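Since every read-out is calculated from the coordinates, none of them should be taken as a lab result. All figures in this text were calculated on a predicted structure; none of them were measured in a lab. For neighbour counting, all protein chains shown are included, and Cβ atoms are generated from backbone atoms with ideal geometry for every residue, glycine included.
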Amino acid sequence: SAVISQKPSRDICQRGTSLTIQCQVDSQVTMMFWYRQQPGQSLTLIATANQGSEATYESGFVIDKFPISRPNLTFSTLTVSNMSPEDSSIYLCSVGSAKDQPQHFGDGTRLSIL
Amino acid sequence: QKEVEQDPGPLSVPEGAIVSLNCTYSNSAFQYFMWYRQYSRKGPELLMYTYSSGNKEDGRFTAQVDKSSKYISLFIRDSQPSDSATYLCAMSHGNNAGNMLTFGGGTRLMVKP
């Protein structure tokens, strides 16, 4: 399976600032996804990162708050904008590399907002 | 009502026990069913996945899907302390296992030596 690297692995940020999280894959993948995992909770899909076009956002998530880039088939970024304490979560990148192959996840970015 | 329901646990068992983890779901369009294991401070790791109904076995792990009952299970035989983790069921619909996933809430498992 693909090797997925996320940076940073963790960060502590001030309220009102923005942070960009990077997801790098060691092979070309068709689909990349961004999830949020709030403390003690399961994973919620934020958006599907589409190469060459705008990301597709799930209900409750908007582009102004979570802008996503996907410049090529191995890389994507998620920005968490104008952060508040409610944004303290783990943000996870996952990839789907081929038909009938389930998604694989990176280890996530642990974000705390003060 | 959530689309995928999973007992949060924690489930505590002695080493060597057989563990049964379960999820129920409401969306009959789900076709692919996955089990992920998540250790503390790590991302989810794919354990097993199945397409449609039936059983699948891999070592100590067996996954079962009963689409008529909208019920899936993961069995762990001869459980080990290293199996202590949170287990997440996940499902997707359509014609591709890599489609967007809907997760259960996760069950925390503790295997005591």
Please report how many Lys pairs in the protein assembly as shown have alpha carbons closer than 30 angstrom, counting only residues at least 8 apart along the chain or sitting on separate chains. 20
Net lengthening on full extension, A:Gln14/A:Ser1 (0.36 nm per residue, minus Cα-Cα): 1.1 nm
Translational diffusion coefficient of the stretch B:1-71 at 10 °C, 1.306 mPa s, Stokes-Einstein with Kirkwood Rh over Cα pairs, in µm²/s as a whole number. 116
Scan around B:Ser84 for amide H atoms under 5 Å from its own, H built in the peptide plane at 1.01 Å from N, and keep only partners 5 or more places away or cross-chain. B:Val111
Unpaired by the 4.7 Å Cβ criterion, cysteines found in chain A: A:Cys13
Once normalised by the length of the stretch B:1-92, the mean sequence separation of its alpha carbon contacts under 8 Å that are 6 or more apart gives a contact order in percent of 36
Can you work out the FRET efficiency for the pair A:Ser88 and B:Lys112, with r the C-beta to C-beta distance and R0 = 30 Å, to the nearest 0.05? 0.45
Per residue of B:2-8, how many C-beta atoms from partner chains lie within 10 Å of its own C-beta, taken as a mean? 1
Calculate the mean, over all residues of peptide B:33-43, of how many other protein chain Cβ atoms lie within 10 angstrom of the residue's Cβ. 4
Over all directions, how big on average is the projection of the convex hull of the alpha-carbon atoms in the protein assembly as shown, in square nanometres? 12.4
Other protein chain Cβ atoms within 10 Å, averaged over every residue that makes up B:99-106: 6
Roughly speaking, what % of Cα-Cα pairs in chain A are separated by over 16 Å, rounded to a whole number? 56
Dipole of the stretch A:1-73 [Lys/Arg +1, Asp/Glu -1 at C-beta], most positive-end residue of A:Leu73, A:Ile63, A:Ser9: A:Ser9
Label-point gap, in nm, between B:Asp58 and A:Glu54 - each point 7 angstrom along Cα→Cβ: 3.8
Compute the Rg to Rh ratio over the stretch B:40-99 from the alpha carbon atoms, using the Kirkwood formula for Rh, and round to two decimal places. 0.97
Rel. contact order, % - alpha carbon contacts under 8 angstrom, at least six apart, chain A: 37
